[in-house]
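Below is one structure, written out as structure tokens; comments come after it.
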Amino acid sequence: REVLTDDFKISEDKNLRGVDPQSVRSLNGVRVTDMILDLVPNQEVFRTALHFLKLWARRRIIYSNVIGFLGGVSYAILVARICQLYPNSDSSMIVRSFFRFYSSWRFPMPITLNKIVVDNPLGFTVWERHANFYDRMPIITPAYPAMNSTHNVSISTLRVILAELKRANEICKPQIITEDIWRELITESDFFKSHKNFIQVRCSSMSADHQQIWCGWIESRLRRLVMALEDAAFLEAVPFPRSFRHKTASGEICNSFFVAMDIKLPKTGLKPQINISRAVEQFLSFANKPWDQRTEDMEINLNHITQSHLPDFVYKDGKRPTKQKKKK
């Protein structure tokens, strides 16, 4: 039986020797967090800026690594890079610099905090640009072995992220940032008002325990639906990064995910015919693959739904906003 000695440091690469790849990924959660803190010039400034930017990301509906946006590690790396570039800035300046810098950054150029170590005797697979040219927004973890923290980002989610960065940069352009400007910056996204068509993904079961497992399974595969919809001509797919829990008329526990579908008009100006049946079939086939934890009560179905037919539970406090009458 082996025990950890007092001088054991998880940050040292030698401690990965003999560890399987899956365990390395688990250990790297701690290693990456520690290394990010070591690589920033001022930890207090970093933490304050990161806290605000996570709030901004959640309010603007672009916080979810699983769905295809960015997760906590990715935002931490992005903020840390700005702290490195502007070591004498306070937190508010880091936030402003964050939006200015990334709204004009030429992705897929990678964001890194340190030099990527490729030649290591431990021999783990390391992220390299030439071998991962399909990555759309590479944000690379600093600990060995370097990994891309944003491999789930799709064409559509990247477009949304960049649009939000540009919006934020425009808001932050005044020389003096007032409280009203900060409030405007973190105004909650009107996702369900901004899109006209949606796919509702309903996953249901008969118990809370089953539902937690089933909902997590479907959520981890939802990006496959987004990618399949993106393959349909003239269509952009934007996922909402969390589900809504509700009960069905028959008493089942249900979670609903929503993916917005925006039609891209061709240059001819003619309204195209959109066919999403293949994308739906592909996703259902993938989601219904044999799985040892699936029980008979776990069900999934997909429906096309328009904005006017969205359920009330997607709105704040479960209340559908009243339509404003057009002025004559």
Could you tell me whether Arg58 is under 24 Å from Ala237 (Cα atoms), among the charged types (D, E, K, R) and either touching a strand residue (DSSP E or B) at 6+ places or on another chain (Cβ under 6 Å) or modelled with pLDDT of 95 or more (or both)? yes
Looking only at the stretch 261-280, decide whether some residue is in contact with a helix residue (DSSP H, G or I) (Cβ under 8 Å, 6 or more places away or on another chain) and charged (D, E, K, R). yes
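Whether any residue in the stretch 200-211 is within 30 Å of Phe98 (Cβ to Cβ) and either of a type outside the set (S, T, N, Q) or touching a His at 6+ places or on another chain (Cβ under 6 Å) (or both) is what I want to check.
There is no residue in the stretch 200-211 that is within 30 Å of Phe98 (Cβ to Cβ) and either of a type outside the set (S, T, N, Q) or touching a His at 6+ places or on another chain (Cβ under 6 Å) (or both).
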List every residue pair whose Cβ atoms sit under 6 Å apart, with the two residues 6 or more apart in sequence or on different chains, where the first one lies in the stretch 82-101 and is within 11 Å of Asn42 (Cα to Cα) and the second, anywhere, is assigned to a helix (DSSP H, G or I) and not hydrophobic (A, V, I, L, M, F, W, C). Tyr86/Ser97; Ser91/Thr48
Complete set of residues in the stretch 176-188 that are without any contact (Cβ under 8 Å) to a residue 24 or more places away in the chain and either touching a strand residue (DSSP E or B) at 6+ places or on another chain (Cβ under 6 Å) or over 15 Å from Phe99 (Cβ atoms) (or both): Ile176, Thr178, Glu179, Asp180, Arg183
Checking Asn255 against (1) modelled with pLDDT of 85 or more; (2) surrounded by fewer than 16 Cβ atoms within 10 Å (Cβ to Cβ), the condition it does not meet: (2)
Say whether the condition of being part of a loop (DSSP other than H, G, I, E, B) and more than 26 Å from the chain's Cα centre (by Cα) is met by at least one residue in the stretch 89-97. yes
Could you tell me whether Cys215 is touching a Cys at 6+ places or on another chain (Cβ under 6 Å), within 30 Å of Asp20 (Cβ to Cβ) and either outside the structural domain of Pro21 (by TED's automatic domain parsing) or buried (at least 21 other Cβ atoms within 10 Å of the Cβ) (or both)? yes
For Val24, indicate whether it is touching a Phe, Trp or Tyr at 6+ places or on another chain (Cβ under 8 Å) and among the β-branched types (Val, Ile, Thr). yes
Criterion (under 29 Å from Glu188 (Cα atoms) and not in a loop (DSSP other than H, G, I, E, B)) met by exactly one of Arg47, Arg25: Arg47
Subset of the stretch 61-107 [surrounded by fewer than 18 Cβ atoms within 10 Å (Cβ to Cβ) and in contact with an Asp or Glu (Cβ under 8 Å, 6 or more places away or on another chain)]: Val66
Within the stretch 28-60, can you find the residues that are out of contact with any helix residue (DSSP H, G or I) (no Cβ under 7 Å at 6 or more places or on another chain) and crowded, with 17+ Cβ neighbours inside 10 Å? Asn28, Arg31, Met35
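The values are calculated or read from the model by the stated rules, or taken from the named source; none is laboratory data. The structure displayed is predicted, hence computed values, not measured ones. Note that each Cβ is placed from the backbone with ideal geometry, even for glycine, and that neighbours are counted across all protein chains shown.
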